[in-house]
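Here is the structure we will look at.
The values are calculated or read from the model by the stated rules, or taken from the named source; none is laboratory data. Nothing here was measured: the structure is a model prediction, and the numbers come from that model. Neighbour counts are summed over all protein chains in view; Cβ atoms, including those assigned to glycine, are modelled from backbone coordinates with ideal geometry.
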Amino acid sequence: MNQRIRKAVFPVAGLGTRFLPATKTVPKEMLPIIDRPLIQYAVDEAVEAGCDTLVFVTNRYKHAVADYFDKAYELEQKLEQSGKHEQLELIRNVLPRHVRAVFVTQAEALGLGHAVLCAKPIVGDEPFAVLLPDDLIWNRGPGALKQMADAAEISGASMIAVQDVPHEQTGSYGIVATGNFSGREGRIDAIVEKPKPEVAPSNLAVVGRYVLDSRIFGLLESTQPGAGGEIQLTDAIAALLTEKPVHAYRFQGTRFDCGTHIGLIEATIRYALDHETLSDAARDMMQSALNELGVQELK
Ligand code: UTP
């Protein structure tokens, strides 16, 4: 599969129950870190990796995602008339001109694997990326997906992003067993969804970035509902690695789990502290909040 990936799939049809009541009307992927929604960070990462076709798997409640990537004629006109050129550029550049967005519907939230399968008619028979926007990955250098796409082009293997997690947390992740790593890559021997720490084969947890061989679609079609009654992507990957090489990729960067409250707060703080114009004010504000609460220093 030594081919450059061109297509990226964004499964955004989940219910986002952990952020209720906000997610009653605002999709989780539209929650902002500073001034950009999570989905924008993931889209930028995919475009940087060379993708020009973005497939959003949504549901009927998620018009906001499609609206966000649509052209906003009235708003553009108003900004133009009032000479707000900087803001005009911002909204015009949510998607670069050479990139097309395609929306497919997942009628029922039957799981991540099922959501990926919904993208099959658009992706067809070529390797592709999957990005879960609630996993936000911050890196000063190339984004995580670009790192993986470059590696996949060389090795020809499917790539799954991984990171080490504390042993007691294995039950919250897909966990992989690998042979030796060569650089950032190691061939995966086994993958299990959310194993209890006593049976987890390692501490290497799957993070929401994948470069997959299109064979995964055929395997998803025959995947039975697994953990939680959902069609699990992990189960289809377990089948894929009996047929084709699948590598774990230890990306460079910091991952924030923005599907959880604390992860979203952590990401907001990190981006604020690293922000061109906001960092000083953010640091002062944090310091005075800590002083006010009587916290002397952070442990
Ligand atoms: P999560 O389990 O993290 O997402 O799924 P969720 O269901 O939206 O959130 P909670 O747990 O209820 O708070 C991981 C990713 O898979 C997508 C989600 O949108 C998210 O990006 N997904 C999940 C689908 O697109 N369809 C599904 O049926 C399930």
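Does the stretch 53-66 contain at least one residue that is within 14 Å of the chain's Cα centre (by Cα), at pLDDT below 95 and under 25 Å from G124 (Cβ atoms)?
Taking every residue of the stretch 53-66 in turn, none turns out to be within 14 Å of the chain's Cα centre (by Cα), at pLDDT below 95 and under 25 Å from G124 (Cβ atoms).
Within the stretch 161-191, which residues are within 16 Å of the ligand (Cβ to nearest atom), within 27 Å of D150 (Cβ to Cβ) and either among the small types (G, A, S) or surrounded by fewer than 17 Cβ atoms within 10 Å (Cβ to Cβ) (or both)?
A161, G174
Looking only at residues that are in contact (Cβ under 8 Å) with a residue 60 or more places away in the chain and more than 11 Å from the ligand (Cβ to nearest atom) in the stretch 104-128, which one is nearest to E230 (Cα to Cα)?
It comes out as K120.
On the given criteria, is T58 at negative phi and either free of Cβ contacts under 8 Å to residues at least 24 places away in the same chain or away from the ligand (no atom under 12 Å from the Cβ) (or both)?
Values: at negative phi: yes; either free of Cβ contacts under 8 Å to residues at least 24 places away in the same chain or away from the ligand (no atom under 12 Å from the Cβ) (or both): no.
No; evaluated as a whole, the condition is false for this residue.
Among the numbered criteria (1) more than 16 Å from the ligand (Cβ to nearest atom); (2) among the polar types (S, T, N, Q); (3) over 22 Å from A49 (Cβ atoms), which one does T223 miss?
(1)
Take V116 and decide whether it is buried (at least 23 other Cβ atoms within 10 Å of the Cβ), in a helix (DSSP H, G or I), modelled with pLDDT of 95 or more and β-branched (V, I, T).
The answer is yes for V116.
Could you list, in sequence order, all residues of the stretch 67-93 that are of a type in the set (D, E, K, R), closer than 24 Å to V26 by Cβ and not in a helix (DSSP H, G or I)?
Answer for the stretch 67-93, where residues must be of a type in the set (D, E, K, R), closer than 24 Å to V26 by Cβ and not in a helix (DSSP H, G or I): D70, K71.
Could you list all residues from the stretch 145-160 that are surrounded by fewer than 18 Cβ atoms within 10 Å (Cβ to Cβ) and in contact (Cβ under 8 Å) with a residue 24 or more places away in the chain?
E153, I154, S155, G156
When you go through (1) surrounded by 20 or more Cβ atoms within 10 Å (Cβ to Cβ); (2) more than 13 Å from the ligand (Cβ to nearest atom); (3) hydrophobic (A, V, I, L, M, F, W, C) one by one for I39, which number turns out not to apply?
(2)
Okay, residues lined up against (1) surrounded by fewer than 13 Cβ atoms within 10 Å (Cβ to Cβ); (2) more than 13 Å from the ligand (Cβ to nearest atom); (3) in contact (Cβ under 8 Å) with a residue 12 or more places away in the chain:
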{"residue": "K7", "(1), (2), (3)": "no, yes, yes"}
{"residue": "R18", "(1), (2), (3)": "no, no, yes"}
{"residue": "V47", "(1), (2), (3)": "no, yes, yes"}
{"residue": "T53", "(1), (2), (3)": "no, yes, yes"}
{"residue": "Q81", "(1), (2), (3)": "yes, yes, no"}
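Taking the conditions exactly as written (assigned to a loop (DSSP other than H, G, I, E, B) and among the aliphatic types (A, V, I, L, M)), does A64 satisfy them or not?
When the stated conditions are applied, A64 does not pass them.
Taking interchain pairs and intrachain pairs at least six residues apart, which have beta carbon atoms under 7 angstrom, with the first residue in the stretch 268-294 and under 25 Å from G253 (Cα atoms) and the second among the polar types (S, T, N, Q)?
Listed by first residue and then by second, the contacts come to A272/S279; L273/S279.
In the stretch 236-267, how many residues are more than 16 Å from the ligand (Cβ to nearest atom), surrounded by fewer than 17 Cβ atoms within 10 Å (Cβ to Cβ) and in contact (Cβ under 8 Å) with a residue 24 or more places away in the chain?
Residues that pass the stated criteria total 5.
Listed residues P96, P142, P133; which is touching a residue at least 12 places away in the same chain (Cβ under 8 Å), part of a loop (DSSP other than H, G, I, E, B), within 16 Å of the ligand (Cβ to nearest atom) and under 30 Å from L273 (Cβ atoms)?
The unique qualifying residue is P133.
Looking only at the stretch 192-212, filter to residues that are buried (at least 24 other Cβ atoms within 10 Å of the Cβ) and more than 16 Å from the ligand (Cβ to nearest atom); which one of those is farthest from A8 (Cα to Cα)?
L204
Give just the number: which of (1) modelled with pLDDT of 95 or more; (2) more than 30 Å from I265 (Cβ to Cβ) does K78 not satisfy?
So the condition that K78 fails would be (1).
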